[in-house]
Structure formats: C-alpha cells, structure tokens
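Taking it in order: structure first as structure tokens, then the write-up.
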Amino acid sequence: MTMLSPGCPLDDLGVIRFSGADVRKFLQGQLSNDIERLSPDTLLRASLNTPQGRTLALMGLVASDADVLALIPRDLISNISTLLKRYVLRSKVTLTDDSAAFRIVGLEASDVTAAGLQRGQLCRYGVQADQRLLLLQPASAAGELTFEMSRERWRALDIAAGLPYVASALSGEFVAQMLNLDCIDAISFNKGCYTGQEVIARAHYRGRVKRRMQRFVADVATGFDRGVSGLLQDGRAFRVIDAVMRADGRCEFLAVAPLAGAVHETAPQSAPESAPGSQSEHGQRLTAHSLPLPYPIPE
C-alpha cells in the first residue's frame, strides 16, 4: 500500500561521514565555516576551496553523535573524498561515503508534525526567514511513500532563498563571495586559517566583489542547465548556477554576473554552450529581469 508523505526526497544529495578523534580539528583547517558551531539540529553550511579561494563544494554539515555528516551533491562525493583524504596524513580521521545509509527528505515548516512521526534526525535547513527543514532518515526506515513535493518545487524554493547549488560543472569556478557564501552564513571571518582563507579574507576586507550571484527571470520557454553562459540584454556576461521553469512558462534562475553598474564583462572565449535564448552565433542577448534576494548583497 502506497502512503502519502510530506516533503521532498533529495535523492541527488549524498552523505560523507567524518569519524575519528581529530575530525573537528581536521575540518576546521579545511572548511570555510567555524566547526565549533556544529549542532545536530541546524545545518551548518561551509565550503571546501582551492588555495585560490575558489569553491570546490558547498557542504551542509550536521553533528551526529561524535561524527560529522556532510551533505553534498552525489556527483561530487568521489572527487571531494579523494581530495580530503590527501590531507588526513596522521590525523585520526576516517571518511566514508555513507549515502546508501540515508534517505534525505526536505520539509516545509508545516510538515514538522508529520515528520515527527517518522524515524530520523531533523535539522533546520533554511537561512534568513526560510523555515524549511531536513529529515535524515536511515535507509531502512524508508517504505513505499509518495511525496507531496517535487524536486523542482524544492529547487525553486532554493533559488528564491538565494542558495547556490554547486554541481560538478561549477566546482572550482568561483571565489566563495561570488556565490554569496558570505551572505548565507557559510563563511566565518573570525576562525583560524583554512584552505583558500587568504584570498577569501582579502576579498572581504580589502575590495568589493564585482561579480555576484543574482536572481533573474527570463521570458524563455526552455530551462537552463547549470553552468551554461550567456549575455544579458545590457551586455553583462552571466553563468547559470541553478534554474527552474515557473508555472507561467518563464525561467527563473540564479547566475553569477557583474553587479549592475559594474564594468561589463563579455562572455569568456572558453564558455560552455550558450544558454537558450542568450548569446548565439548572431550575438542575440537574453532579456531577463532582476528579482530580489532575501538578503542584502554587500556593496
């Protein structure tokens, strides 16, 4: 018998489990946020960066007894695990791909009561006024369920909340502030050193970041793939971070682009295929309108 369950299954997310006596010290030296803030009931966002400050992965961290669980897109788990294992050295830390042990379900605030009837770890997912939650269930707890919310609906809520999804096509492409990680509480500027910290701190204290992730809506009938590039009507080059089709037939998307009023950038020669309706071989540009984000972008 199929049962109706609240929420949305986030099957594209996997779990890396960090175990061992030195796990928090190890992560403190690798990730952008303060690991001392970890808790079992609130997702702590943190980025893993290159020495040049470019974001390789955006993780959602949650404490699980003495271990730390990191939620990231499944297509990044292998590469990120391999990279982090190089830095373990003599630290007492073990990394395990624990994706098969969990089912991750996204919930809206109104679903909390129903979620409480199900076995699993509940933690706050949203930032600012976003009241969504995540339920981390043991895979063994999953039955035959039909979920009320589609993945596209959850994706649309992420876009409206200004939460970037760093897929494999975007790994290592942007300095952390270009993805607004400083706006969504994913960077601590008070903790000690970590990989990429020097570049990220310099951008924070010494200069304005001229390219930022922004929210747009375009009158196109085809969605954008993550990572595609194009030109806005005013000549600014953009790179899509995430996109979703709206019920009215328009495409809403997050993209990194120069801030309005900044020096315009042309699309890079090595850019991926153009976004539908954007720059073409004839120079066509995308007509898109800016939409507000729930947080201010630093000037």
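What follows draws every value from the coordinates through simple rules; no lab data is involved. Given the structure is predicted, the values throughout are model-derived calculations rather than measurements. Ideal geometry is used to build each Cβ from the backbone, glycine not excepted, and the neighbour counts take in all protein chains shown.
The table that follows gives values for the structure above.
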quantity	calculated
Bins of 5 Å from zero: percent of alpha-carbon pairs in the chain	1, 5, 12, 15, 17, 16, 14, 10, 6, 3, 1, 0, 0
Sequence-distant residues sharing a close amide H with residue 32 (under 5 Å, placed H)	47
Ellipsoid equivalent to the range 127-226 - semi-axes via the Cα gyration tensor, in Å	30, 20, 13
Most mobile of 29, 249, 162 in a GNM of the chain (Cα contacts under 10 Å)	249
For the range 178-183, 3J(HN,Hα) per residue [Karplus equation, 6.51 cos²θ - 1.76 cosθ + 1.60, θ = phi - 60°, Hz, x = Gly/Pro]	5, 9, 6, 5, 6, 8
Per-residue ³J(HN,Hα) for the range 28-37, Karplus 6.51 cos²θ - 1.76 cosθ + 1.60, θ = phi - 60°, Hz, x for Gly and Pro	4, x, 10, 10, 7, 9, 7, 5, 5, 8
5 angstrom amide H check on residue 241, placed H, neighbours 5+ away	227, 254, 255, 256
Cα-based reach from residue 210 at 17 Å (exclusive), listing aspartates and glutamates while leaving out same-chain residues under 8 positions away	173, 182, 234, 265, 299
Relative contact order of the chain, pairs being alpha-carbon contacts under 8 Å that are 6 or more residues apart, as %	20 percent
R0 of 25 Å, Cβ-Cβ distance residue 50-residue 94: FRET efficiency to nearest 0.05	0.55
Residue-wise HN-Hα coupling along the range 186-201, computed from phi with Karplus coefficients 6.51, -1.76, 1.60 (Hz; x: Gly, Pro)	10, 10, 9, 9, 10, 7, x, 6, 8, 4, x, 4, 4, 5, 5, 5
Prolate/oblate/rounded label for the range 3-149 (Cα gyration tensor, a/c 1.5)	prolate
Amide H partners (placed H, <5 Å) of residue 212, local residues excluded	257, 259
Potential lengthening between residue 139 and residue 74 on full extension [0.36 nm per residue; Cα-Cα distance subtracted]	21.8 nm
Share of alpha-carbon pairs per 10 Å distance bin for the range 167-269, given as whole %	14, 42, 32, 11, 2
